[in-house]
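Note sheet for the following structure.
The values are calculated or read from the model by the stated rules, or taken from the named source; none is laboratory data. No experiment lies behind these values; they were computed from the predicted model shown. With ideal geometry, Cβ positions are generated from the backbone for all residues, glycine too; neighbour counts draw on all protein chains shown. What goes into the accessible areas is simple: the full protein's heavy atoms, side chains included, and nothing from ligands, DNA or RNA. Shrake-Rupley method; radii C 1.70, N 1.55, O 1.52, S 1.80 Å.
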Amino acid sequence: MKQFLRNKSAVTGSIIVGILIITAIFADAIAPKDPYQMDIWESFRPPEGLRGEYILGTDDMGRDVLSRIIVGSRISLLVAIVATGVSLVFGVTLGAIAGYVGGITDAIIMRIMDLILAFPSILLAIAIVASLGPGVVNAMLAIAIVRIPAMVRVTRSMVLSLREEDFVAAAQALGLSHARILFRHILVNCYAPILVVATLNMGTAITVEATLSFLGLGAQPPIISWGRMLALGREAIRTAPHITLFPGLAIVFTTLGFNLLGDGLRDISDPQLRGR
Amino acid sequence: MIRYIVRRLVQMIPLLLGISILVFLLVHLSPGDPVRMLLGEEATEEDVERLNAIYGFDLPLHIQYFRWLSNALRGNLGVSIRQGISVTTLLSERLGATLELAVVSVLIAVALGIPLGIIAAVRRGSLVDYFSMILALVGVSTPGFWLGLMLLTHVALKVDFLPMFGRDGSIFGGLWILITQLRVDVLLEGLRHVLLPAVSIGTGMMAIITRLTRSSMLEVLGKDYIRTAKAKGLNNQVVVLKHALRNALLPVITIIGIQFGAMLGGAVVTETVFAWPGVGRLIVNAIRQRDFPIIQGGVLMMAVVFALVNLAVDISYALVNPRIRYD
């Protein structure tokens, strides 16, 4: 904990992630206006600052941009958590099995991962959603699939090195089952790098979700998502550039938060990398 | 060396087969009947059956796959449903634009990222170092397509020299004209158009390269042979650029290869933002129109290009680093 508080990246990152979580949970209370409320007479109002009625302006339908960004944080956080959770469960399980069992099982799992990595990941995510049909659930699934290989690789390499340790031999000598040794004894010792990858994956998930929604493949109306706000704002970049500016800044800010947190956690778990 | 190349080529075969199966399944396992979707609600049962027979959808899946694969191997990726044009033709017209965009993005990323990384490492703790690290962090966290939107709004709209949309002539063609006819206008015209989309895609990669170059340089600069070189009284510049940089660049080269895939992926979305006539925009439009032969062919082509780039990177890496060849 002391190390964590001394690490600037980790602290800054967790503050940003904390802001995101609080915003998402209390979105309805924080949002100054109803994010769905349309008012054509108020459309394309430029940002009016903290004292104005519409702090970050309004969009083409006269909806309050700030309120929509606040409510949109829910989808970003939801996608980040669910997609990363799914890739974590599958990735760690597959990676652990590949590393522990080895042989042909390992070869098959790793070849499948190579196959996923053979595609540019955004392109694969787009193709998966295009195939399954647009929507948040399919977008989460697609993001989870393209992020699994990173999880498998880090878990596998950790398990491979821990497998040779004395405590594993001791557990085997005690007659413990392989599953128990793997999940109770080996995996608990490799949580640090897995946590780092999971944190960084959450940042990526937010960006990929925004990309998919921007292309119309992610969240569908009336769900508010930052990517969709960008797609709608794009039609009006000449007259109302603020509609594309602020949701984008929200994406950059939250992704930055997860990246900082991930970097900080990596520094803490591997002191050799500090400051690099 | 030849043995290594042959081995890598042989390893490509199962990977390419796997890619083709995955691409095929992605399109064919999708819920909903594409033919019915294409013909609309009012289509009669006979119409649906007729079109199914034309596209071979009435055949068992594995036969459809082998049919598609054997056609694809002969360069026939089917015909676009909406445009009625051969997918191979559509793709080959656009592949050049996508590759050009990706290559220029990589060049920008390398040309800015490596020097910035070196300076940051040599002047560790200085303002430049601080600035470059912030740039690297923000750069990695910024989606390229949004950066593109920002460049459109805040640069292209204000600077007349930089156009908002489209492409005008190939810059490789422009280079050729410059060399053969000593005319620079075609090249300039091409560069004018490619600059903003390339910056939007390249910034993320530049951030990664800056950071990696810096950390790799820091590691190398701490090595004994650098101290020896300095102790010999060598000029600091020679030590940094000749002794340190050469060793520090190996991991950077690898990441450039890996990141090239991200460039191709980023191009898919950024092409849409800038109306760049490449494969990515073709795929995105095809998804909107459910033109699955284009989606299938486009994704396949991108994956194959990516695999070939990775192969080229591996081989060039083995050329530089003999240890890999005997692995």
- Note on the structure: Treating only Lys and Arg (+1) and Asp and Glu (-1) as charged, each at its beta carbon, one finds that region B:2-73 has a dipole about its Cα centre, in Debye to the nearest 20, of 1060 debye
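Tell me whether region A:1-148 comes out rounded, prolate or oblate; compute the Cα gyration tensor, take square roots of the eigenvalues as a ≥ b ≥ c, and use a/c under 1.5 as the rounded threshold. Could the numbers behind the result be given before it?
Details: a/c = 3.53, a/b = 1.80, b/c = 1.96.
Since a/c reaches 1.5 but b/c is at least a/b, the shape of region A:1-148 is classed as oblate.
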- Task: For region B:91-320, report the convex hull volume of the alpha-carbon atoms normalised per residue, in Å³, without decimals.
- Result: 152 Å³
- trypsin sites (Lys or Arg not before Pro) within region B:166-256, DSSP loop, no more than 14 other Cβ atoms inside 10 Å: B:R183, B:K223, B:K232
- Task: List every residue whose amide H lies under 5 Å from the amide H of A:L56, counting only residues 5 or more places away in sequence or on a different chain, with H placed 1.01 Å from N in the peptide plane.
- Result: A:E48, A:V65, A:L66
- Note on the structure: FRET efficiency for B:E42 and A:K2 from the Cβ-Cβ distance with R0 = 41 Å, rounded to 0.05, comes out at 0.05
- Query: Tell me, what ³J(HN,Hα) does each residue in region B:94-108 have, in order and in whole Hz, if you take phi through Karplus 6.51 cos²θ - 1.76 cosθ + 1.60 with θ = phi - 60° and put x for Gly and Pro?
  - Reply: 9, 4, x, 5, 5, 5, 4, 4, 5, 5, 5, 4, 4, 4, 4
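Could you estimate the translational diffusion coefficient of region B:245-287 from the Stokes-Einstein equation, with Rh from the Kirkwood formula over C-alpha pairs, at 4 °C and 1.567 mPa s, in whole µm²/s? All intermediate terms of the calculation are to be shown ahead of the outcome.
Numbers: Rh = 11.7 Å.
It diffuses with D of about 111 µm²/s by this estimate.
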- Note on the structure: Dividing the mean separation of Cα pairs under 8 Å (6+ apart) by the residue count of chain A yields a relative contact order in percent of 26 percent
- Roughly speaking, what is the centre-to-centre gap between region A:205-276 and region B:49-119 when only Cα atoms are used, to the nearest Å? 28 Å
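Assigning unit charges at the beta carbon (Lys, Arg +1; Asp, Glu -1) and nothing else, what dipole magnitude in debye, to the nearest 20, does chain A show about its Cα centre?
560 debye
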- Classify region B:39-101: rounded, prolate or oblate, from the alpha-carbon gyration tensor (a ≥ b ≥ c, eigenvalue square roots; a/c under 1.5 rounded; otherwise prolate if a/b is larger than b/c)? oblate
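Taking Rh as the Kirkwood radius computed over C-alpha pairs, what is the Stokes-Einstein D of the protein assembly as shown at 20 °C in a medium of viscosity 1.002 mPa s, expressed in µm² per second?
It comes out at roughly 82 µm²/s.
How high is the relative contact order of chain B, in percent, counting Cα pairs under 8 Å that sit 6 or more residues apart?
Values: 364 pairs, mean separation 80.9, N = 327.
About 25 percent, as a whole number.
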- Item | trypsin sites (Lys or Arg not before Pro) lying in DSSP loop within region A:12-98, provided at most 14 other Cβ fall within 10 Å | A:R51
- Rounding to the nearest 20 debye, state how big the charge dipole of the protein assembly as shown is about its Cα centre with +1 on each Lys and Arg Cβ and -1 on each Asp and Glu Cβ. 2520 debye
- Query: Classify region B:125-241: rounded, prolate or oblate, from the alpha-carbon gyration tensor (a ≥ b ≥ c, eigenvalue square roots; a/c under 1.5 rounded; otherwise prolate if a/b is larger than b/c)?
  - Reply: oblate
- Task: Could you let me know the centre-to-centre spacing of region B:178-218 and region A:44-77, using Cα atoms, in angstrom?
- Result: 35 Å
- Karplus-derived 3J(HN,Hα) from phi for region A:120-133 (6.51 cos²θ - 1.76 cosθ + 1.60, θ = phi - 60°), whole Hz, x at Gly and Pro, runs x, 5, 4, 4, 5, 4, 4, 5, 5, 5, 4, 6, 7, x
- Compactness of chain A as Cα Rg over 2.2 N^0.38 Å, two decimals: 1.17
- Compare the Cα positions of B:L59, B:V110, A:M113 along the charge dipole of the protein assembly as shown (+1 at Cβ of Lys, Arg; -1 at Cβ of Asp, Glu; about the Cα centre) and return the one farthest towards the positive end. B:V110
- Task: Give me the accessible area of A:E164, 1.4 Å probe, in Å² rounded to the nearest 10.
- Result: 130 Å²
